[in-house]
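**Q** Next up is a structure, given as C-alpha cells.
Since every read-out is calculated from the coordinates, none of them should be taken as a lab result. All values derive from a computational prediction rather than experimental measurement. Here the Cβ positions follow ideal geometry from the backbone for every residue, glycine too, while neighbour counts run over all protein chains shown.
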Amino acid sequence: MNPAAPAILAAAQDAASGMRPILVTTKHRGVFAGLVQADQDLAAPTMALKEARMAIYWNTKRGLMELCQAGPNSGSRISAPADIPVLHDITAVFDISPEAWIKWTAA
C-alpha cells in the first residue's frame, strides 16, 4: 500500500464532505491551516476552522505562500490538530492545494 494513501483518502473525503482547506493569518501574527465549509464567507473577520493546525515555525524558501502551494517541509514546526470554534481578527485567507493539505495533515 502506498504510504501516502491514508492522507490522499482523507483529502478526498474532505472534498466530498463540502470542506475546503485554507490558510488563515491573523493580526496577532497567527498562521493557521484548517478546513471550512465550501460556502464559507472568506471575507468574514472571524470564522471557525475544523482540524486546524498552527504554523509555529516554517522553514520555507519562498515565504508563507509556499505553505499553501507545497505545504510544510521537514524543517517546519506544526501544532497538533484541533477544532477552532471562532478565530478572531483574520487578515488574510489563502487556498491550500490538495498536495499541500496532505502535508499539513501529515505534519
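**Q** Over the chain, what relative contact order in percent results from Cα pairs under 8 Å that are six or more residues apart?
**A** Taking the mean separation of contacting Cα pairs over the length of the chain, I get 32 percent.
**Q** Related question: Along the principal axes of its C-alpha atoms, what lengths does segment 5-106 span, in descending order and rounded to whole Å?
**A** Its Cα atoms span 33, 31, 21 Å along the three principal axes.
**Q** Just from its helices, what would the mean residue ellipticity at 222 nm be for the chain, if runs of 4 or more DSSP H residues each count -39500 (n - 2.57) and the sum is divided by every residue, rounded to the nearest 500 deg cm²/dmol?
**A** Helices in the chain give a 222 nm mean residue ellipticity of -7000 deg cm²/dmol.
**Q** Still on this structure, please answer the following. Give me H88, H28 ranked fewest to most by other Cβ atoms within 10 Å of their Cβ, as a rough exposure proxy.
**A** H28, H88
**Q** Determine, for S79, S74, the number of other Cβ atoms within 10 Å of each Cβ, and report the residues in order from fewest to most.
**A** S74, S79
**Q** Ok, one more. Sorting M65, M54, M47 on the 10 Å Cβ count, fewest up front, what's the list?
**A** Least crowded to most crowded, the residues run M65, M54, M47.
**Q** I need the calculated FRET efficiency for the pair A80 and D39, taking r as the beta carbon distance and R₀ as 22 Å, to the nearest 0.05.
**A** Here the calculated transfer efficiency is 0.20.
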